[in-house]
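Contents: one structure, followed by commentary.
The values are calculated or read from the model by the stated rules, or taken from the named source; none is laboratory data. From a predicted model like this one, the values you see are computed outputs, not experimental measurements. As a convention, Cβ positions derive from the backbone with ideal geometry for all residues, glycine included, and neighbour counts pool all protein chains shown. With ligands, DNA and RNA removed, areas are computed over all heavy atoms of the protein, side chains included. Shrake-Rupley method; radii C 1.70, N 1.55, O 1.52, S 1.80 Å.
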Amino acid sequence: MITKSKNYIQKPLQKLNLHAQLHQSAKVEPTTAAQALKDPQWRQAMSEECNALIRNGTWELVQLTPSTNIIGYKWIFCIKRKSDGSTDRYKARLVTKGFNQRPGVDYFETFSPVIKPITIRLVLSIAISRG
């Protein structure tokens, strides 16, 4: 029996180009607030976040008592990019380490900005019934 391998006929080996090129950007996201405060753009993003939290009444200052649980926080930094890869804006978020919170002591209510489908159906039903 004559086969391709016996006649030294081999299919050429096609290798795929698996090289990935990372986006070369001089701007990297800081990992700590100390690093971010050195850059005026990150400092501006942090200021905008603080102003938004104050404007929305996110928290209120209370007296520190022995039973008060102090909740830590962390700054999260992200560079928002446009579809072409250019920088759109610098985004800073102040997040709490909520795993230390105790319900009824540290907070009394929660807020979830998610609308459930039943709520939409109810509102539409009321709107249709009232014309």
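Among residues of the range 38-91 being polar (S, T, N, Q), over 21 Å from the mean Cα position of the chain (by Cα) and open to solvent by less than 90 Å² (accessible area, probe 1.4 Å), the one that is farthest from Arg102 (Cα to Cα) is Thr65.
Among the residues of the range 103-115, those identified as surrounded by fewer than 10 Cβ atoms within 10 Å (Cβ to Cβ) and either assigned to a strand (DSSP E or B) or at negative phi (or both) are Pro103, Phe108, Glu109, Thr110, Phe111, Ser112, Pro113, Val114, Ile115.
The sole residue among Leu94, Leu122 that is in a helix (DSSP H, G or I), modelled with pLDDT of 85 or more and surrounded by 11 or more Cβ atoms within 10 Å (Cβ to Cβ) is Leu122. When the range 62-77 is examined, which residues are found to be in a strand (DSSP E or B) and touching a helix residue (DSSP H, G or I) at 6+ places or on another chain (Cβ under 9 Å)? Correct list: Lys74, Trp75, Phe77. Restricting the first member to the range 57-80 and to residues that are more than 22 Å from Leu37 (Cβ to Cβ) and touching a residue at least 12 places away in the same chain (Cβ under 8 Å), and the second to residues that are of a type in the set (A, V, I, L, M, F, W, C) and in a loop (DSSP other than H, G, I, E, B), the beta-carbon pairs closer than 7 Å and six or more apart or on different chains are Asn69/Val105.
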